[in-house]
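Each value in this text was obtained by applying a stated rule to the coordinates, not by laboratory testing. The model shown is predicted, which means the values in this text are computed figures rather than measured ones. Reconstructed Cβ throughout: ideal geometry from the backbone, glycine too, with neighbour counts over all protein chains shown.
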Amino acid sequence: MNEITLHKQWVVKAPVNDVFRIMTDFEKFPENFPKVAESIQINKREGNYLEMDATARSFGKRFRVKMKTQILPGKGFISDNDSYQFGTSGHEELLLSEHTNGTLIDYTYQVAIHKKWLRVIAVPLLYWYSMKHWEKAVIDQLKKILEK
């Protein structure tokens, strides 16, 4: 197995537009979500399409990621991400919709693991650790920002 799909949903007690504004402000991602993003540089912007170089954090390591992202106005974003240094690539979707209690965040990340040796440890770690880490580092932080 060299590809896995991670998926989870959360509800944030805030309007969709407020969640959208923060989750698509990639230049402020390192400020808003420092546990997952050390830096993000937008290299190219054409309308709602962005090409970015990021330094991400996960598993106690820093690694570079190239991102090709499409912002979906008012609905979130989709992004194809490559981390040659970490040995993964992926397709990420963060989709927002109205919920009776605020905004439903529907998050999916399809990850391809290119290094054979990494698959042995990465698959269980990604399933067990990644979504829990992302929830604490991004969703819980987003709630702190918006649910005042």
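Cα centroid distance between region 4-34 and region 38-72, in Å? With region 4-34 and region 38-72 each reduced to a Cα centre, they are spaced 14 Å. Amide H to amide H, with H built 1.01 Å from N, residue 38 comes under 5 Å of 55, 56, 57, counting only residues 5 or more places away or on other chains.
Fewest neighbouring Cβ atoms within 10 Å first, the residues 131, 67 line up as 131, 67. Straight-line reach from residue 148: taking Cα to Cα under 30 Å and skipping same-chain neighbours fewer than 8 places apart, the lysines in range are 8, 13, 28, 35, 75, 132, 136.
Backbone amide hydrogens, once placed in the peptide plane, bring residue 24 within less than 5 Å of nothing, excluding anything fewer than 5 places away on its chain. Taking 1.567 mPa s as the viscosity and 4 °C as the temperature, the Stokes-Einstein diffusion coefficient of the chain based on its alpha-carbon Kirkwood radius rounds to 83 µm²/s. Taking region 1-50 on its own, what percent of its Cα-Cα pair distances exceed 12 Å? Distances greater than 12 Å cover 75 percent of the Cα pairs.
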